[in-house]
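*Asks:* The structure's right below; bear with me while I get my questions together.
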Amino acid sequence: MFGYYIKLAIKSVKRNPILSLLMITAIALGIGASMTTITVNYLMSADPIPHKSHQLFHIQVDSWDPNNAFNDDDEALPNQLTWTDATNFTLAKKALRQSAMGRSGGIIEPPGDDAKPFEASIRLAYTDFFGMFDVPFIFGNPWDSRSDTNREQVIILSKRTNESVFGGENSVGKTIVVAGRSFQVVGVIDDWQPIPKFYDVNNGAFNETEELFMPFTLKEELELPNWGNNNCWKSPDGEGYKAFLQSECINTQMWVELPNATAKAEYMDYLNNYVMEQKELGRFPRPLKNRLSNVMQWMERQEVVEEDAKMMMWLSFMFLLVCLLNTIGLLLAKFTGKSAEIGLRLALGASKSDLFKQHLVETAMIGLLGGFAGLGFAVLGLLGIKSLYGDFVDDLATLDISMILVALSIALVSSIAAGLYPTWRACNIAPASQLKSQ
Amino acid sequence: MSNTHTSTSINWEIGPIFRAMLRNKVGAILIALQIAVTMTIIVNSVYIIVERSKEMQRDSGIDNENSFYLTSVGFTENFNTPVTVEEDLNALRALPGIVDAIQINAVPNSDSGWSMGLKTQPGVEHDGVGTAVYMVDEHGLNALDVEIIAGENFAQTDIGMRVVGQVKWPDKTILTKAMAENLFPDIPYGSVVGKTVYINDTEPMIVVGIIDKLQAPWVGWNNLENVMLSPERMDYKGSRYFIRTEPGQRDSVMKQVEELLANSNKGRLIQNMRSIEETRERSYRGHTAMIKILTTVMIILTIVTALGIVGLASFSVNQRKKQIGTRRALGASQSAIVRYFMLENFLISSIGVILGAALTIGLNIILVNTFGLDRIDWFYIPIGMLVLWIVGQGAVFGPARKAANIPPALATRTV
């Protein structure tokens, strides 16, 4: 029977080719627009480190101005830490793993006389960074924790940097000149691009992973420039780089790994005690308020999903609604046009449920065709998004299998929903009146 | 037909049309809803587009077409920034085609920069006004193409040398008119010259001049025109140069400058050379993209809705072929038939646009509350209603003409 319905459906679709095309195109456009925006939103709000996102916590402590909260919202906490606090938290080792981190940059001078120097971004971190975030290595390993303490000039390269400086070979043990100083390569990481780049969303939630990694302690030792966001409520007490580092300016991110609720509670106690001690030293003038946010909570707090993306998603849903209203109207017209045929079949003994199934198959077919065409439109839409927004969305505008399935199910479900009323109406005609008009 | 048709008075037949619509309520409701939602999307989209374009057209204060900048990063151990900057600027200022060149800490509209707070009274307890800071020498005004409208420019002797981690500020500053008015709302900007403002809560700076207009680096910032100039050059590893050229010579000058600087000192890297036009394009890329996307959505949506109306009207014409033939046989003119369908659509559209007006305001309220958009101007709504009426009438005209061409004889044929 199902095969027969499909045959009938194909026949019916072919009988009004323009009308059918109109319906399929309408569904396709609605699905295409929705899928484009859903994909962008889905990738922007994706969990960048799913297996661990509940155990990784970003630290916030309220070290801000006694007279003003961090921003207009009174509940707001500073979004970064001071160099001092982040360093203290890391050295205290109260979590399973922990790392203060910051962003810097310098000029790489590749070996060889004709090689051109180039500028590279640097992630400053403690060795726990690599284990905590499961950073994949091609060659070598994270530096030893003694390198952190002894401020050794060791360095880890991104895959691309290793390719441009060392031609992609195993460079562990070799020397590279960065910012006029020699560093010993201890490792090369594989491609690693968390989306969003959760560990430092202040400096671009969808920016690329840094090209070099070196011990955070070198920031003080070598007076490395601060590339990331820096925010002060009070100017440093004194001139020079050391005074800047030791100031109340916030420019450092800090993540800890806490495997369970007990560890989290203990860590919270530790933070509160720390702040109370600092208060006695005259710091932390605001009321005691500290916060641990896991990865997804942090993404939410920092509003990583662009507002324009959200707005476009809602508009695209309304767009889909118009397309569906359109389809309902057209289906209604189409099935009304078939009432004579339906009347005849009813008179000849077809049951209402048979006719209902038959027409549902027809609407489902239109829906699926619309869904497939909609996928095509979504691909076009995503290409459009890429060309409009440039490189930064490259990772945010790709369809994956789950998105394709979502698209097809939305198309199927919405077209069947759109077809329910017209189908019900078509099957509820009195056969006699239809036969009479023949 | 209950009424007889006379040639002296046109019978608009609203009664029969309305009764006929009631017999096919669902069809009419669907079109009305479609028109309502379409109007909601279109009017709000147009509003967003207009707002974004207005933002993009704000005057940056600088010479957008003829300015560019670059960074020079020294990487050798003995690299001497102050000497290099002095040499570079002398060479650049002497280059034909260049109006002026300066070292600057940040570039307007480039999205990254330095901000501080200024106060009119010293002390942590007073509120400050946020401002972007540009560190420039006495050539700053000329290079940035801004005009002094009160007071005077920095003198060469005012220019200090800022070192890494420096906390202290120079004792003079120049403010934009907007910044002066935000700090001293009660006095004319001209009288702000000579006043003392406080940076870092307590450190005094004397306002020596007011400039007409200059934008901060962050185009999304509410106080985009709050800007202060500080008379300084910087002894940092990386220096940014801002260069203004004679009209039309930017691109050729950019090439010359890159070569000149790269060859004059091998201990540094010249990079990130970019025109202000390109910078603004990047900073406003989200806006441009949004405008293009919304425009596309509006066009497609209008077509979909119009085609939907055409499809439904065609069907209704086909359904009523016999009745139309009968009416024609009974003496209805072709224009009466056209009028019937146009009027039917007008009634449906009217319900649609009235509902659409309510939905438009509803969506705007949601956008205002969720995304912090401004409230929509009232006149968008009647214009939107008018446009949707026209779309409806335009879409139904074709099928109505087809209906009018149905021969009266059809009434007899199919029986």
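Throughout, read-outs are computed from the coordinates displayed, never taken from laboratory work. Just so it is clear, the model here is predicted, and its values are computed rather than measured. Cβ atoms come from the backbone with ideal geometry, glycine included; neighbour counts cover every protein chain shown.
*Asks:* Which value in deg cm²/dmol, rounded to the nearest 500, describes the helix-derived mean residue ellipticity at 222 nm for chain B, given -39,500 (n - 2.57) per DSSP H run of n ≥ 4 and division by the residue count? Write out the running numbers ahead of the final one.
*Replies:* Numbers: 12 runs with 203 residues, N = 415.
Value at 222 nm, helices only, nearest 500: -16500 deg cm²/dmol.
*Asks:* Work out, step by step, the length gained on full extension between A:Asp73 and A:Glu221: first 0.36 nm times the residue separation, then minus their alpha carbon distance; give nm to one decimal.
*Replies:* Values: separation 148, 0.36 × 148 = 53.28 nm, distance 3.68 nm.
The span from A:Asp73 to A:Glu221 would gain 49.6 nm if fully extended.
*Asks:* Taking the highest mean first, how do the peptides A:421-427, B:368-374, A:62-68 order by number of other beta carbon atoms within 10 angstrom per residue?
*Replies:* Numbers: A:421-427: 19.7, B:368-374: 12.0, A:62-68: 17.1.
Answer by packing, highest mean first, reads A:421-427, A:62-68, B:368-374.
*Asks:* Continuing with the same structure: Can you tell me what share of the DSSP beta bridges in the protein assembly as shown is antiparallel? A percent to the nearest 5 is fine. It would help to have the intermediate numbers written out before the result.
*Replies:* Details: 69 of 91 bridges.
Of those bridges, close to 75 percent are antiparallel.
*Asks:* Check which residues have an amide H placed less than 5 Å from B:Ala150's amide H, if you skip close sequence neighbours.
*Replies:* Amide H neighbours of B:Ala150, under 5 Å, 5+ apart: B:Ile210.
*Asks:* Please list, in order along region A:194-209, the HN-Hα scalar couplings obtained from phi with the Karplus expression 6.51 cos²θ - 1.76 cosθ + 1.60 (θ = phi - 60°), rounded to whole Hz, x for Gly and Pro.
*Replies:* x, 10, x, 6, 4, 6, 8, 6, 5, 9, x, 5, 10, 6, 6, 4
*Asks:* Let me know the charge dipole size of region A:56-301 about its Cα centre in debye, to the nearest 20, where only the beta-carbon of Lys, Arg (+1) and Asp, Glu (-1) is charged. Each step should come with its number before you reach the end.
*Replies:* On the way: 23 positive and 36 negative charges, 73 e Å.
Result for region A:56-301 is approximately 340 debye, rounded to the nearest 20.
*Asks:* Which ³J(HN,Hα) values in Hz, rounded to whole numbers, follow from the phi angles of region A:231-241 under the Karplus curve 6.51 cos²θ - 1.76 cosθ + 1.60, where θ = phi - 60° and Gly and Pro get x?
*Replies:* Karplus-based 3J(HN,Hα) across region A:231-241 equals 9, 10, 9, 8, 6, x, 7, x, 8, x, 5 Hz.
*Asks:* So which cysteines in the protein assembly as shown don't have a second cysteine's C-beta under 4.7 Å from them?
*Replies:* Cys with no partner Cβ under 4.7 Å: A:Cys323, A:Cys427.
*Asks:* Moving to a separate point now. Excluding A:Val13 itself, what net charge comes from residues whose Cβ is under 15 Å from its Cβ, given Lys and Arg +1 and Asp and Glu -1? Present the calculation step by step, with values, prior to reporting the outcome.
*Replies:* Details: positive: A:Lys7, A:Lys11, A:Lys14, A:Arg15, A:Lys334, A:Lys338; negative: A:Glu341, A:Glu362.
Surrounding charge for A:Val13 is +4.
*Asks:* Order of A:84-90, A:256-262, B:46-52 by packing, highest average Cβ count within 10 Å first? It would help to have the intermediate numbers written out before the result.
*Replies:* Values: A:84-90: 22.1, A:256-262: 15.4, B:46-52: 18.7.
Per-residue mean Cβ counts within 10 Å order the peptides as A:84-90, B:46-52, A:256-262.
*Asks:* What share of the DSSP beta bridges in chain B is antiparallel, in percent to the nearest 5? Please report the intermediate quantities before stating the final value.
*Replies:* Numbers: 34 of 48 bridges.
Counting only bridges with both partners in chain B, antiparallel ones make up about 70 percent.
*Asks:* Could you tell me which of rounded, prolate or oblate describes region B:176-217, using a ≥ b ≥ c as the square roots of the eigenvalues of the alpha-carbon gyration tensor, with rounded for a/c under 1.5 and, failing that, prolate when a/b is larger than b/c and oblate otherwise?
*Replies:* Details: a/c = 1.70, a/b = 1.21, b/c = 1.41.
In terms of gyration-tensor shape, oblate.
*Asks:* Moving to a separate point now. Enumerate the amide H contacts of B:Asn109 below 5 Å, restricted to partners 5 or more residues apart or on another chain; note that Pro and chain-start residues carry no placed amide H.
*Replies:* Distant-sequence amide H within range of B:Asn109: B:Trp218.
*Asks:* Do the alpha carbons of any pairs in A:Lys334/A:Lys386; A:Lys52/A:Lys289; A:Lys264/B:Lys119 sit beyond 32 Å of each other, and which pairs?
*Replies:* On the way: A:Lys334/A:Lys386 39 Å; A:Lys52/A:Lys289 26 Å; A:Lys264/B:Lys119 42 Å.
Pairs exceeding 32 Å: A:Lys334/A:Lys386; A:Lys264/B:Lys119.
*Asks:* Alpha carbon centre of region B:305-370 versus region B:65-114: separation in Å?
*Replies:* The two parts, judged by their Cα centres, are 64 Å apart.
*Asks:* On to the next question. Under a 5 Å amide H to amide H cut-off, with H placed in plane at 1.01 Å, what residues pair with B:Glu203 once short-range neighbours are removed?
*Replies:* none
*Asks:* Tell me, in nm to one decimal, what length is gained between A:Glu239 and A:Asp191 on full extension, where the rule is 0.36 nm per residue of separation less the Cα-Cα distance?
*Replies:* Details: separation 48, 0.36 × 48 = 17.28 nm, distance 4.04 nm.
Contour length minus Cα-Cα distance gives 13.2 nm.
*Asks:* Shifting gears a bit: Among B:Leu343, A:Pro215, A:Ile342, whose Cα sits farthest toward the positive end of the charge dipole of the protein assembly as shown (+1 at Cβ of Lys/Arg, -1 at Cβ of Asp/Glu, about the Cα centre)?
*Replies:* A:Ile342
*Asks:* Turning to a different aspect of this structure: Could you give me the ³J(HN,Hα) list for region B:23-39, computed from phi with Karplus coefficients 6.51, -1.76, 1.60 and θ = phi - 60°, whole Hz, x at Gly and Pro?
*Replies:* My calculation for region B:23-39 gives 6, 10, 4, 4, x, 5, 4, 4, 5, 4, 4, 4, 5, 4, 5, 4, 4 Hz in order.
*Asks:* Same structure, new question: Ignore the peptide's own chain and count Cβ atoms of other chains within 10 Å of each Cβ in A:94-106; give me the average, rounded.
*Replies:* Values: counts 0, 0, 0, 0, 0, 0, 0, 0, 0, 0, 0, 2, 3.
Going residue by residue through A:94-106 and averaging, the value is 0.
*Asks:* May I pose another question? Taking 0.36 nm per intervening residue step and subtracting the Cα-Cα distance, what contour gain separates B:Thr370 from B:Arg58 on full extension?
*Replies:* Using 0.36 nm per residue and subtracting the Cα-Cα distance, I get 109.8 nm.
*Asks:* Moving to a separate point now. How much FRET efficiency would the formula 1/(1 + (r/R0)^6) give for A:Ile10 and A:Phe317, where r is the Cβ-Cβ distance and R0 is 25 Å, rounded to 0.05?
*Replies:* Working: r = 31 Å, r/R0 = 1.23.
Once the sixth-power term is evaluated, E becomes 0.25.
*Asks:* Follow-up question, since we're still on this one. Pairs of Cα atoms under 8 Å, at least six residues apart: use those to get the relative contact order of region A:56-301, whole percent.
*Replies:* 32 percent
*Asks:* Can you list the lysines whose alpha carbon sits under 16 Å from that of A:Lys352, skipping same-chain ones fewer than 8 residues off?
*Replies:* Partners found: A:Lys338.
*Asks:* Using helices alone, what [θ] at 222 nm do you get for chain A, with -39,500 (n - 2.57) per DSSP H run of 4 or more residues, divided over all residues and rounded to the nearest 500? Walk me through the intermediate numbers first.
*Replies:* Working: 15 runs with 219 residues, N = 438.
The per-residue figure over chain A is -16500 deg cm²/dmol.
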